[in-house]
Amino acid sequence: MFRLIIIQTAIISAVVINCVELMTLDPKLQHILSNQTNQAREYDSVPIESGADVIDAVVIKAVEIPEERVTYEGAQLWRVLADGEQSEFVSYLQDTGDVSMWTGNESIVDVLVRPESISRVTRFLRERQVKYDIIIPDLQQAIDQENPSASEEELEELEGRKARYAWWKRRKRQHKSHIHSNITSIPRYLVASEYGGGNDVYQKKIKKGELDTLMAGHRMEWTRYHRLDDIYGYIDYLAQTYPDICSSMAIGTSFEGRPIKLLRISKGEKNVPAIWIDGGIHAREWISTASVTYIINYLVENSDDLKADYYILPVVNPDGYEYTFRGDRLWRKNRSSPEKGGVCIGVDLNRNFGYRWGGLGTSRQPCREIYAGTGPFSEPETAAIKNFFEATSANFKAFLTFHSYGQYILYPWGYAQRVPPDYADLDRVAQKSAVAMKKATTQNTVYTVGNSATALYAAAGGSDDWAKAMLKIKYAYTIELRDKGRNGFILPAGYIIPTAKEALASVLTITDAARKL
Ligand SMILES: [Zn+2]
């Protein structure tokens, strides 16, 4: 059942993109597909140069395409205690399709066990005396409880509140710097009743044209995981509202045609290091994207203390990210269409970078979750990052990529259990970071520092190895955020703020180190 659903989803998406012959499918599906095909054609025909508004409108349309949703009813997350021989048993079960791996190190492997495989896997492990714990007894239930939804009214209220707050902050700042001599007192923060139309006294203080900005807020906050629209809306909003420090650009276009939006936060000071921060390269790692947007919020709101130029890409894999909301919560790869004759969609973008591509911990099989693609940078999302770095003249000293889960601060190399010549520096700064992350909340969260391939597992073609080896960026880290397996990828939204505070602590520590170079 599980596999059937996956394949059906794969076929639908393949048709949307490639307009494959529809004759062999049942009539009901054909109808849906031909509608989707028309939408896809419309989608394809929009020139990318025609402005962000048009692209956004088209993306919204694409999101509305009805798609089969993968269910995880009855599927479980197990932690298998494994070393040596035992981990071979797990890879055997992966090959038979009974389990798929979430994470693992030398002593444990976390696997998703498909509902129809539970009794077979139980028998198989018991016969071999391999111990395991059931961590999540029903994944679908966990997924359903992970992310509380907001009503339209709540979102509208939020948008208005944020807009008013921005107006107030900007006015306060203008007052402070005496740019506008006509402002004689610090403006009071507007409450809802004070901005909502009519002949309100505060509206008179709003300059002509400023009302539009006031009304155009954003929906971002950190008690829920947000859709791509909200995140991109937030980036646009920041660029519009704080043009002195924020600028945004699309560094490329995803496979399905979504812009890949980067935000630059900079005071334009000379001799400060540039720092790269990305999230969401693996679609299902929602906490990564949520934490990166939280970091953006902090840096903008504390821009007086900005110590570096930040280049931030919160969603490296926008197609995959959107697909985790409307198709398969546990999708990892991008959404590129299969090679000719194939059925499996997507490439693991963090195996697609051009250093030691195709080595350990990668696969040439398109159906595997660690499929490395047809060649280095074969995917538009990774190529966009490569092109950005080839074009930029910024002085990058740190490259931070956020993932989940496991609570690790990892430094190169990932391709093998080896370290770069300056690994002692990377280790020292990572240890400092771990201390700061522990202090970031009252929960004293422990992050383990180590070399990628040793602390976790070997994985060639990762972005951190490429940044270190090819771009020669000193502090290249992969940070695996919370948790250590209790919830795995399905980290309830209530954990966003504490986790994001830890992520921010690592950014600030690494910024300090980068400034000393
Ligand atoms: Zn990841």
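Multiplying the sequence separation of residue 497 and residue 395 by 0.36 nm and subtracting their Cα-Cα distance, what value in nm do you get?
Difference between extended and current length: 33.7 nm.
Using only Cα atoms, what is the ratio of the radius of gyration of the stretch 376-449 to 2.2 N^0.38 Å?
Computed over Cα atoms of the stretch 376-449, the ratio equals 1.37.
Tell me the relative contact order for the stretch 76-137 as a rounded percent, counting alpha carbon contacts under 8 Å between residues six or more apart.
RCO, the stretch 76-137: 50 percent.
How far, in nm, would the chain grow between residue 227 and residue 374 when pulled straight, counting 0.36 nm per residue and subtracting the alpha carbon separation?
50.0 nm
Tell me whether the stretch 341-469 comes out rounded, prolate or oblate; compute the Cα gyration tensor, take square roots of the eigenvalues as a ≥ b ≥ c, and use a/c under 1.5 as the rounded threshold.
prolate
In square nanometres, what is one fourth of the surface area of the convex hull spanned by the alpha carbons of the stretch 275-413?
Averaged projected hull area, Cα only: 9.5 nm².
Between residue 73 and residue 127, how many nm apart are label points set 7 Å from Cα along the C-beta direction?
Result: 3.0 nm between the two label points.
Among the listed pairs 261/397; 439/516; 261/432; 307/484; 340/472, which have their C-alpha atoms separated by more than 27 angstrom in this model?
Over 27 Å apart, Cα to Cα: 261/432; 307/484; 340/472.
For residue 326 and residue 439, what is the calculated FRET efficiency with R₀ set at 56 Å and r taken between the beta-carbons, to the nearest 0.05?
Step by step, r from the Cβ atoms, then E = 0.90.
Taking the stretch 76-137, how much of its Cα-Cα pair set, in percent, is spaced more than 15 angstrom apart?
Every Cα pair in the stretch 76-137 considered, those over 15 Å come to 39 percent.
Name the long-range amide H neighbours of residue 103: under 5 Å, sequence gap of 5 or more, or other chain; modelled H, no Pro or chain starts.
For residue 103, the qualifying residues are 110.
Laboratory data are not the source of any read-out in this text; all were calculated from the coordinates shown. The shown structure was predicted, so the numbers you read here are calculated from the model rather than taken from an experiment. As a convention, Cβ positions derive from the backbone with ideal geometry for all residues, glycine included, and neighbour counts pool all protein chains shown.
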